[in-house]
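First comes the structure, then the notes that go with it.
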Amino acid sequence: MRKTWVLGNWKLNNDSQSIRQWLEDFQQVEVPSNAVVGVAPVSIYSQHVAAHAPQNLLVGSQNVSQFDGGAYTGEVSAAMLSDAKIAFSLVGHSERRMYFGETNEITKDKVNALLQTGIIPVLCCGESQVQYETGKSQSVVESQLRAVLDHVAAEDVAKLVIAYEPVWAIGTGLTATPEYAQQMHQFIRALVAEYSSSASDLPILYGGSCNGSNAKELFAQADIDGGLIGGASLKVSDFNKIIEAAR
Ligand code: PGA
């Protein structure tokens, strides 16, 4: 039985004061036994959050360097994240691809850097609005995923979490319908099955304007194992509604 994952992505939001409040508010949250809950703060705060997080909250990173160390100004390595007790890291988020030029090739290297240190890679994929409207969703997601899966050892595929995030749904209030999202998740699971017998155990999360009103229906779909939550993770009261939907 797969668990339901609810991961927050704070993006470039929150500061030490709002984070203190968030952690205090989170003390009231009861994480259902079938759920895995986590949050990815801005990197400068993640070590603090990891040090103060309760046991039922995984702390993640929004990004990781593909390099192990050396002359790479501004980067944070997977080993450093591990040293700071970071449990998971997003990789290949559409905002990284769009604004920071991250290619499938870089994404593949980042996933492998994480796998070497035991941090869970949360591999993000998803099509743009134009690709969606022109019927290219599956082929885009397929090439994003194959670019990584072709270079990951079969036994490591079981260590991945995949987040399907249609770009047109991120931060727009336009959520994919549960039927459409399910279709894409089913497609992704079948694709992963070509690489690993663990595909049926793989958590595949939905992301893109997921909130307290639509989470329950999305999470009820056969191949949707939770959500990657942006805007609705910034306030514990909103985030908790999504955690409750995991029950
Ligand atoms: P959103 O962002 O929930 O604000 O749409 C999701 C994400 O980008 O991970």
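Only the coordinates and a few stated rules stand behind these numbers; no lab work does. Quick caveat, the model's predicted, so the values are computed rather than measured. Every residue, glycine as well, gets a Cβ built from its backbone with ideal geometry; the counts of neighbours run over all protein chains shown.
Would you mind computing Rg(Cα) / (2.2 N^0.38 Å) for the chain, counting N as its residues? Working shown, then result.
Numbers: Rg = 16.7 Å, N = 247, 2.2 N^0.38 = 17.9 Å.
Ratio of Rg to 2.2 N^0.38 Å for the chain: 0.93.
How about the stretch 1-98: which trypsin sites (Lys or Arg not before Pro) there are in a DSSP loop, with at most 16 other Cβ atoms within 10 Å of their Cβ?
ARG2, LYS3, LYS85
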Legend entry - Max mean-square fluctuation residue, GNM over the chain, Cα-Cα springs under 10 Å, options GLN221, GLN116, GLN144: GLN116
Inset, instruction - Give me the Debye-computed log₁₀ of I(q)/I(0) at q = 0.16, 0.18 Å⁻¹ for the stretch 37-155, equal point scatterers on Cα only, no solvent, two decimals. - result: -0.78, -0.94
Inset, instruction - Among THR175, THR103, THR134, determine the one that fluctuates most according to a GNM of the chain built with springs between C-alpha atoms less than 10 Å apart. - result: THR134
Legend entry - Additional length obtainable on full extension of the chain from ALA222 to SER33, 0.36 nm per residue less Cα span: 66.1 nm
Legend entry - the stretch 4-244 - percent relative contact order, Cα under 8 Å, separation 6 or more: 21 percent
Inset, instruction - Mind putting together the pair-distance distribution for the stretch 16-95? All Cα pairs, 5 Å bins, whole percent per bin, short to long. - result: 3, 14, 24, 22, 18, 11, 5, 2, 1
Legend entry - Per-peptide average of other Cβ atoms within 10 Å, ordering 122-129, 53-60 highest first: 122-129, 53-60
Inset, instruction - Pick out which of LEU115, LEU23, LEU218 has the largest mean-square fluctuation in a Gaussian network model of the chain, springs linking Cα atoms closer than 10 Å. - result: LEU23
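Which of the GluC sites (Glu not before Pro) across the stretch 7-83 are loop residues per DSSP, with 16 or fewer other Cβ within 10 Å?
GLU30, GLU75
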Inset, instruction - Tell me the chymotrypsin sites (Phe, Trp or Tyr not before Pro) within the stretch 33-130 that lie in a loop according to DSSP and have at most 11 other beta-carbon atoms within 10 Å. - result: PHE100
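Report the extension gain between SER197 and LYS3 in nm, rounded to one decimal, defined as 0.36 nm multiplied by the number of residues separating them, less their alpha carbon distance. Working shown, then result.
Details: separation 194, 0.36 × 194 = 69.84 nm, distance 1.78 nm.
Between SER197 and LYS3, full extension yields 68.1 nm more.
Under the classification rounded if a/c is under 1.5, otherwise prolate if a/b is larger than b/c and oblate if not, where does the stretch 137-247 fall, given a ≥ b ≥ c as square roots of the Cα gyration tensor eigenvalues?
Numbers: a/c = 2.03, a/b = 1.73, b/c = 1.18.
The shape class here is prolate.
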